[in-house]
Structure formats: C-alpha cells, structure tokens
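Engineer: Below: one structure in structure tokens.
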Amino acid sequence: HRIGRTGRAGKKGMAISLVSPKDEQFLDNIEELIGRKFERIIYPGYAMDSSLPEIYEGTNTPKLKKSRYKATQEHNQMLARKQEKNKPSNIRREKAKRRKKR
C-alpha cells in the first residue's frame, strides 16, 4: 500500500498507516530496521483483543486468509522440496531403495 509523501519542500507532514493484526510482525520488523518505534493509536472497537460488536454476534465470520508473505513462503518451500526430490541423484537413490526391498 502507499501512504504518499506528506512533507514537501522542507515542510512537515504526517503519514498514517493502517495495520491489521496479521501485518503487525511486518511493522515490528520495520521499526527494528529503522531503530524507531511508531506511535500506535487504536481506534475504539478495533483493538486486536476486542470482541465483535453485538450486531455481529452469532454470525459466521469468514476465516482469515494467510498473509501473502506466508502463502508465498509456503509455496516456495513446497517448490524447493519438489526440486530436491526430482534431482537425478535423489531419483537414482529412490530406485535403488525400491530394488533392495524386492
């Protein structure tokens, strides 16, 4: 997402980022990288540990999707396992194991 430039030509500005619970770790990583903590303002009713408002109680809430980062990471790990399994040396090793079992 893009927050844009808020301070131009030497003027001061303010940038606001909205962070969901699943992105909290990314924000922590950014803070650690730049050596600065951002001020957190939690809008009433949007705290991570708050319960749903009454109008939503009893409704089926959709399951949260994995973050794109996590989904991509898992996909890449699966591809790496497949590539390792399909290496010629590993294929020969598996065939040899099967022959020994006979």
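The values are calculated or read from the model by the stated rules, or taken from the named source; none is laboratory data. This is a predicted model, so every value here is computed, not measured. Glycine also receives a Cβ, built like all others from the backbone with ideal geometry; neighbour counts cover every protein chain displayed. Protein only, heavy atoms only, side chains kept; ligands, DNA and RNA dropped before computing areas. Shrake-Rupley method; radii C 1.70, N 1.55, O 1.52, S 1.80 Å.
Engineer: Being touching a Leu at 6+ places or on another chain (Cβ under 9 Å) and among the basic types (Lys, Arg) is the filter here, so list the residues in segment 17-39 that pass it.
Structural biologist: Across segment 17-39, the qualifying residue is only 22.
Engineer: Where the second residue is modelled with pLDDT under 75 and the first is over 13 Å from residue 18 (Cβ atoms) and lies in segment 31-48, which pairs have Cβ atoms under 9 Å and are six or more apart or on separate chains?
Structural biologist: Close Cβ pairs satisfying both conditions: 44/50; 45/53.
Engineer: For segment 61-75, what are the residues that are exposed (fewer than 10 other Cβ atoms within 10 Å of the Cβ) and part of a helix (DSSP H, G or I)?
Structural biologist: Scanning segment 61-75 gives a single hit, 68.
Engineer: For segment 1-49, give me each residue that is open to solvent by less than 100 Å² (accessible area, probe 1.4 Å), modelled with pLDDT under 75 and closer than 24 Å to residue 70 by Cβ.
Structural biologist: Matches in segment 1-49: 3, 47.
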